[in-house]
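Just below is one structure, and these are the notes that go with it.
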Amino acid sequence: MNIVEQVKKSGVVGAGGAGFPTHIKLAAQAEWFLANGAECEPLLHKDREVMIHFAQEIIEGLRLAVESVKAVKTSIGVKAKNQSAIKALRQAMSKTSFTLTEFGDYYPAGDEYEVVTGITGRLIPPQGLPLDVGCVVNNVETLYNVYLASQNIPTTEKFLTIAGIVKHPVTVKVPIGMSFREVLDLAGGPTRSDFAIMESGLMMGKPADDLGKPVTKLTGGLIALPADHDVIQRYHRTNKQMRRIGHSACDQCTYCTELCPRYLLGYDIQPHLVMRSLGFTVTGPEIWNEYALLCCRCGLCTLYACPEALYPREACIDGINDLRAIGKGKWQGNKEIQVHAMKDGRRVPIKLLMQRLGVDQYESHAEYKDVQVRPNRVSIALQQHVGVPAVPVVQRGESVKKGQLIADIPDDKLGAPLHASIDGTVGEISDTAIEIKATA
Ligand code: SF4
Ligand code: SF4
């Protein structure tokens, strides 16, 4: 079996949060292969910790991936501040021709478009893919999983950072399907009773209102914050409230556009023009303009740039969804891209971003700890990847071993199979998940 088939069979998907099935990327051919270790969500450090502790496995996964896509140039993007990770990677890649590109500590350094331009100097066409400019990009944890796949070990565990107001911020590896509540316990639990959780980041993540929610292949971390923290409050506004405030308070200062990373990279995204749509008295999909379409949802406009604390990102997302629904989601505008002269000067350092978010006091090292985790049960979501949901291949009451296939993807469909993350007995099988109760 070749590496593409092994990766497909092992259910490897983009562990940076995108969830795109990795075997599709490895079946492509490209000049460049880029490993993305430029993690940039404030307070989350799982990629740095994976690079420090599993550099050898990442480099072996990278070697297999490079071979598969027949890449002739390979580079790993890492933030210069993560010197321990850089040292571990340089040592692991000493016998290869791979290079390492150091990035500054800004947001969103880990955006795929930024990584491609930062390493190769190439600009992906509007709404395009790295492959359009001869590149394949994979997150470093994904490459660790590619290595495991080559050893016939499927993806059944997830690295994540537990941060914020917890007793002992930490990075751990947990079985997929474990509940957020149990994950929080691994960090000693929250330090106060009135807390709220952000899942997978403050910028691009979402509030997790149910602590019974299970970890998936896409979970990058859990951040506990005081329930009345401004970031939590802002995420809990309804769409209607966001639009109403935007309608009355946007003074068209253009800061959201001037600081937008995609605008600075040269794309014609202009959130302040999207915000104008909120001023119309009519509603419906036709109110939006095309300036929303190239938004990558990084959140910098909403959570950093706007002096009025408005919601330009959310307006862009609404605009994109509505325009897609009426068949106008394809970019028809300017395809010429030219990096803005002020790009470097307007980069947003993570330190400033954390101060603006009001979370700088929660920064911690969150070092990796190899803890033995034994949940009593796991709930494995059938949809934790791009594509169609996996179809259960086990029955209630059946005994399963860790690593055993429990749900598969029909041959002609896009997706990734799922495997038991613990030894146990299959419990309830619903339309959305398979429960496994641990063997006593
Ligand atoms: S930064 Fe805020 S106030 Fe200024 S144009 Fe953008 S949304 Fe409007
Ligand atoms: S979320 Fe805002 S800052 Fe980020 S790409 Fe979209 S418009 Fe630009």
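The values are calculated or read from the model by the stated rules, or taken from the named source; none is laboratory data. Model, not experiment: these values are computed from the prediction. Counting neighbours? That spans all protein chains shown, and the Cβs are built from the backbone with ideal geometry, glycine included. When the accessible area is computed, the model is the full protein with side chains, heavy atoms only, and any ligands, DNA or RNA have been set aside. Shrake-Rupley method; radii C 1.70, N 1.55, O 1.52, S 1.80 Å.
Assorted remarks:
- When residues of segment 195-209 are limited to those that are part of a loop (DSSP other than H, G, I, E, B) and touching a helix residue (DSSP H, G or I) at 6+ places or on another chain (Cβ under 8 Å), the one surrounded by the fewest Cβ atoms within 10 Å (Cβ to Cβ): M203
- Some residue of segment 236-251 being away from ligand 2 (no atom under 16 Å from the Cβ) and among the small types (G, A, S): yes
- The set of residues from segment 213-235 being without any contact (Cβ under 8 Å) to a residue 60 or more places away in the chain and away from ligand 2 (no atom under 16 Å from the Cβ) comprises K213, V215, A227, D228, I232, Q233.
- Taking the criterion of being open to solvent by 20 Å² or more (accessible area, probe 1.4 Å) and within 7 Å of ligand 1 (Cβ to nearest atom), the residues of segment 250-266 that qualify are C250, D251, Q252, C253, T254, Y255.
- Subset of segment 95-106 [closer than 16 Å to V66 by Cα and small (G, A, S)]: S97
- Among the candidates P261, P285, P349, residue that is more than 9 Å from ligand 2 (Cβ to nearest atom) and touching a strand residue (DSSP E or B) at 6+ places or on another chain (Cβ under 9 Å): P349
- Within segment 146-194, the set of residues being part of a helix (DSSP H, G or I), open to solvent by less than 10 Å² (accessible area, probe 1.4 Å) and closer than 22 Å to E60 by Cα comprises V146, A149.
- Among the strands (runs of 3 or more DSSP E) confined to segment 389-440, the ones with at least 2 residues that are touching a Gly at 6+ places or on another chain (Cβ under 8 Å) and under 19 Å from K213 (Cβ atoms) are located at 433-438.
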